[in-house]
1. Kindly write out, for the range 393-407 in residue order, the coupling ³J(HN,Hα) from the Karplus curve 6.51 cos²θ - 1.76 cosθ + 1.60 (θ = phi - 60°), rounded to whole Hz, with x marking Gly and Pro.
2. For the pair Val348 and Leu58, what calculated FRET efficiency results from E = 1/(1 + (r/R0)^6), where r is the Cβ-Cβ distance and R0 = 22 Å, to the nearest 0.05?
3. Please list, ordered by chain and number, the residues whose modelled amide H lies under 5 Å from the amide H of Val247; skip anything fewer than 5 residues away on the same chain.
4. Any idea of the accessible area per residue across the range 364-483, 1.4 Å probe, to the nearest Å²?
5. Protein chains only, probe 1.4 Å: how do Glu399, Glu448, Glu318 rank by accessible area, largest first?
6. Test of understanding: express the Cα radius of gyration of the range 183-267 as a ratio to 2.2 N^0.38 Å, with N the residue count.
7. Roughly speaking, what is the stretch gain from Arg482 to Met70, that is 0.36 nm per residue apart minus the C-alpha to C-alpha distance, in nm to one decimal?
8. For the chain, what is the charge dipole size about the Cα centre, in debye to the nearest 20, if Lys and Arg each add +1 at the Cβ and Asp and Glu each add -1 at the Cβ?
Amino acid sequence: MITRRSIIKTGMAAGAAGAAGLLVPATAGTASAAGTGATTANDLDPALVAKFSQAMPLAPVVAPYMSMPMMMDCYALTMKEADKEILPGVLTRVWTFNGQFPGPVIKARSNVRTVIDQTNNLPAGVSVHLHGAHVSADNDGDPVVLIPPNGGTKTYTYPNAQPHASMWFHDHAHHAESESAFRGLAGTYLLTDDVEQNLNLPSGAYDVPIQLRDARFDDQGQLAYQMGDQNRSVILANGKAWPFYEVAARKYRFRLCNTANTRFFTLVLSDGSSFQQIGSDGGLLPAPLTVNKVVLSPGERADIVVDFSRYAVGTTLELRNEGTGGLLEHISKVLQFRVNRTAADTSVVPSTLRTLPAMQPATVNRSFTLAMGGGVATINGLSYVPNRIDTEIAYGSTEIWSVTNPGAGSHNFHLHLVQFRVIERGGVPVTSGPEYGLKDTVRVGPGETVKIQATFTGYRGQYLYHCHMFDHAAMGMMATMRIS
Ligand code: C2O
Ligand code: CU
Ligand code: CU
C-alpha cells in the first residue's frame with residue numbers, strides 16, 4: 001500500500017525539501033490494474049505522481065579536459081551512484097556518468113578523435129559501448145571485458161571516422177547491461193560534420209537532446225528492476241517523470257533517443273499537427289519528411305523539427321505516446337510544451353539535407369530468426385554465449401540480412417560497427433520515409449521480416465548484433481559476428 005507518509009519520509013531522509021503536496025495522498029485501492037505484468041503491493045502508483053509539475057532539464061555538455069584543435073578532445077567521466085529528483089520531492093538512487101541523470105552530452109566532430117577516460121566507482125563491473133559508432137573492437141564495449149568496480153578505469157578511443165550522427169552510450173556488461181541502463185547509465189553523443197554544420201538548422205539552445213524512457217518505482221520512490229517487467233509505467237523525459245518544457249514560438253530541433261529497456265514509443269503532438277522528421281539513427285535523412293508521428297523502438301533515434309511559431313504565446317500542448325504497454329492514462333503522456341515567449345528564428349529546414357553514401361552490390365545473403373519462450377531468448381535458435389562466433393564475415397563484404405520475428409511480441413535488431421540501410425520491410429522495398437537513411441537499429445514487428453544491407457569494413461574483429469530490448473538481449477537474444 002502506498003502512503004504519502006512513506007514517500008515523504010524517504011524524500012526527507014534523503015535530504016529533499018518541500019515534498020509536501022507534490023505527491024498527492026494515496027486514495028483507497030490505488031494498486032495499478034496492470035498492463036501485462038504483475039504489480040506488487042509496494043509499487044509506486046503512477047497516479048500519485050503529478051504530471052507536468054517539473055521542468056525538463058537539459059543534459060549538461062561535458063567540457064574536454066584537454067583539446068588539440070581539429071585533432072583530439074579528451075574527456076574524463078566517472079561512473080557513480082547519485083540521488084536525483086526524478087519524481088517531484090523524492091530522491092531516487094541512480095547510476096550515472098559524472099553524477100548526471102540523464103547522462104551528459106559529449107559533442108564530437110567527424111575525424112576529430114574523442115578519448116574518454118572512464119572511471120568506474122559503481123559497485124559492479126561495466127563496459128561502455130558507444131551505440132552507433134564505427135570503432136575498433138577493443139573500444140566497442142566487449143560484454144566480458146569489464147572495467148572493474150570500485151575504482152577501475154579504461155580509456156576508450158573513438159576516431160569518429162564516420163559522418164555526423166546522434167549517438168548514445170550505455171553499459172554493455174554481459175547480462176547486467178539491462179539493469180545498469182535501467183538504473184541510469186546512458187549518455188548522449190552528438191557527432192557533427194561539415195555537411196550538417198553547413199545547414200542552418202535550429203541550433204544552440206534550440207537544438208535539444210531528449211532521452212525518453214520508462215521506469216518502475218517502489219513506494220519509497222526507488223527504482224524497481226525486474227527482468228522482463230511489463231509494468232514500467234512512469235515515463236521519463238531527460239530524467240524527470242512527465243516534465244514540462246517551456247519553449248519560444250519558433251522552430252526547435254529535438255533529438256529524441258529511446259533509452260527505454262523494452263518500451264516502444266509512438267510519438268505524436270496532442271493537437272495531431274504535423275512536424276518534420278529530419279534525421280534518424282545515422283544522421284540526417286536525404287530530405288525532410290512531414291509526419292505526424294514517430295515510432296521509436298529501444299535504441300532508435302529520431303531527429304525532429306517542431307515549429308511552435310504556429311501557436312500563440314500561452315499555448316500548451318503535449319508530446320504524447322500512442323504506443324501500448326501499461327495503463328494508458330499514464331503511458332500515453334510524455335512531456336508538455338508551454339509556449340511562453342516569442343523569439344527570432346533565422347533557422348531553415350532546407351528541402352535537401354544530405355546525400356546518402358552509395359550502396360555497394362551485396363554478395364552474401366543471410367537469415368536471422370528472433371525467438372523467445374520460457375525465459376530464454378535466441379537468434380537462430382541459440383542464446384548468447386560470449387566469444388562464440390555465430391557469423392563469420394569477410395572484411396569488406398556487403399551483405400543482406402533478412403531478420404524475421406515469427407512471434408507475437410515485438411523485437412528490434414541492432415548491429416554494432418556499421419550503419420546499415422533498411423532495404424525491405426514486410427516484402428515492400430523501402431525507398432522513402434523515416435527508415436530511408438542510415439540506421440543502426442530497426443524495428444521487427446510480430447510476424448515481420450525486415451531486410452537490411454551493410455558493408456563490413458574499417459575494422460576487423462568481434463562485434464555484437466542483438467535485439468535492443470535490453471531485457472531480451474540479457475536473456476540471450478544477442479550474438480557475435482567476426483569480421484576477418
Ligand atoms: Cu546500444 Cu549493443 O547496443
Ligand atoms: Cu550498439
Ligand atoms: Cu527482443
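1. Listing the rounded values in order: 10, 6, 3, x, 7, 10, 10, 10, 10, 9, 10, 10, 10, x, x Hz.
2. 0.40
3. Distant-sequence amide H within range of Val247: Arg338, Val339, Asn340.
4. Value for the range 364-483: 34 Å² per residue.
5. Glu448, Glu318, Glu399
6. 1.33
7. Additional length available on full extension: 145.1 nm.
8. 560 debye
The values are calculated or read from the model by the stated rules, or taken from the named source; none is laboratory data. Predicted, not measured: the structure shown is a model, and the values here were computed from it. Quick reminder, even Gly has a Cβ in these numbers, built from the backbone with ideal geometry, and neighbours come from all protein chains shown. Ligands, DNA and RNA are excluded from the accessible area calculation, which covers all protein heavy atoms including side chains. Shrake-Rupley method; radii C 1.70, N 1.55, O 1.52, S 1.80 Å.
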